[in-house]
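Heads up, the thing below is written out as structure tokens.
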Amino acid sequence: MRATLEQGDGAVRPLFFLDVDGTLLPLGGARIPSSPQGWVDWQGTSNPQLAKIDAGHVPRLLALPCELIWATAWMEYANEVLSPLLGLPRFPVAELPDPPQEYGPDALNWKTRALVRAAAGRPFIWVDDEITDLDHAWVSAHHGGRALLHRVDSTTGLTGADFGVVEDWLLAWRRDRRRG
């Protein structure tokens with residue numbers, strides 16, 4: 001980190017919406033399931049892809065002066081499978097609509113509206129591998145607070161560079177808040 005990100009000074013901390021597939025869990029060429037039974041197996045401890053999660057991210061996630069919230073199709077399975085596996089506490093789970101069977105790059109992400117509604121004007125960070133320019137534009141038009149939408153490469157998942165973007169945004173947010 002370039003500067004210290006203090007845990008807080010009594011002010012409301014930004015929300016941090018964290019996706020799993022392609023973000024915390026790099027896909028590295030793996031295909032996500034296309035059937036309900038496939039999802040049951042994928043979102044369990046037997047998923048061989050879980051070995052690809054970088055446990056080194058845990059201290060960095062926990063050090064962020066944010067309120068961490070799962071924003072994933074895993075829903076509560078993130079707390080049941082991933083939290084114990086990584087030694088994370090249970091995080092709140094964003095209320096999301098059911099994911100669509102298919103959607104293209106010219107469609108608004110299925111999470112966008114729900115996350116803006118959950119943020120309710122608070123500053124937030126959303127890290128996901130499926131964020132598009134359309135999501136950026138929609139959030140800019142419909143969210144009254146500051147927001148960082150950061151797209152992660154699904155083949156590698158979160159990297160140190162991604163954490164750097166988040167940390168820089170948090171430092172700028174804190175600096176602007178102190179000036180204002």
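The values are calculated or read from the model by the stated rules, or taken from the named source; none is laboratory data. Because the structure is a prediction, the values reported are computed rather than measured. When we count neighbours, we look across all protein chains shown, and the Cβ atoms used for this are built from the backbone with ideal geometry, even at glycine. Keep in mind that these areas ignore ligands, DNA and RNA; they rest on the heavy atoms of the full protein, side chains included. Shrake-Rupley method; radii C 1.70, N 1.55, O 1.52, S 1.80 Å.
Any idea of the accessible area per residue across segment 16-173, 1.4 Å probe, to the nearest Å²?
Values: 7340 Å² over 158 residues.
Counting only protein heavy atoms, the per-residue value for segment 16-173 is 46 Å².
With an 8 Å cut-off on Cα pairs and a minimum separation of 6 or more residues, tell me the relative contact order of segment 105-155 in percent. Kindly include the intermediate steps, with their values, before the conclusion.
Working: 57 pairs, mean separation 22.8, N = 51.
Reported as a whole number, the value is 45 percent.
Going by a ≥ b ≥ c, the root eigenvalues of the Cα gyration tensor, does segment 119-180 fall in the rounded group (a/c under 1.5), the prolate group (a/b larger than b/c) or the oblate group? Present the calculation step by step, with values, prior to reporting the outcome.
On the way: a/c = 2.95, a/b = 1.25, b/c = 2.35.
The shape class here is oblate.
For the chain, what relative contact order do you get, as a whole percent, if you take Cα pairs closer than 8 Å and at least 6 residues apart? Don't jump to the answer; show the numbers that get you there.
Numbers: 251 pairs, mean separation 55.9, N = 180.
Contact order relative to length: 31 percent.
Please name which of 89, 144, 114 has its Cα lying farthest along the dipole of the chain towards the positive end, using unit charges on Cβ (Lys, Arg +1; Asp, Glu -1) and the Cα centre as origin.
144
Mind putting a number on the dipole of segment 125-180 about its Cα centre? Charges go on the C-beta only, +1 for Lys and Arg and -1 for Asp and Glu, and I need it in Debye to the nearest 20. Don't skip to the answer; put the middle values down first.
Numbers: 7 positive and 10 negative charges, 128 e Å.
The dipole magnitude comes to about 620 debye.
Give me the distance in nm between label points sitting 7 Å out from Cα along the Cα-to-Cβ direction at residue 101 and residue 150, one decimal.
The answer from the label model is 3.6 nm.
Summing +1 for each Lys or Arg and -1 for each Asp or Glu, what net charge is found among the other residues whose Cβ lies under 12 Å from the Cβ of residue 109?
Working: positive: 111, 113, 151; negative: 19, 106, 128, 129, 130, 133, 135.
Around residue 109, the surrounding residues sum to -4.
On a full-extension model of 0.36 nm per residue, what is the gain between residue 171 and residue 62, subtracting their alpha-carbon distance, rounded to one decimal in nm? It would help to have the intermediate numbers written out before the result.
Values: separation 109, 0.36 × 109 = 39.24 nm, distance 1.60 nm.
Going from the current span to full extension adds 37.6 nm.
Which value, to two decimals, describes the C-alpha radius of gyration of the chain once divided by 2.2 N^0.38 Å? Walk me through the numbers on the way to the answer.
On the way: Rg = 16.0 Å, N = 180, 2.2 N^0.38 = 15.8 Å.
The value comes to 1.01.
Taking H placed 1.01 Å from N in the peptide plane, check which residues at least 5 places from residue 125 or on another chain put their amide H under 5 Å from its amide H.
Under 5 Å from the amide H of residue 125: 15, 16, 17, 148.
Hey, got a sec? Which GluC sites (Glu not before Pro) in segment 58-101 land in a DSSP loop and have at most 14 other Cβ atoms within 10 Å? Please list the in-between numbers first.
Details: sites: 67, 76, 80, 95; in loops: 76, 95.
Sites meeting the loop and neighbour criteria: 76, 95.
First compute the accessible area of the chain with a 1.4 Å probe, then give the percent of it belonging to carbon and sulfur atoms.
Taking all protein chains in place, the chain shows 53 percent carbon and sulfur surface.
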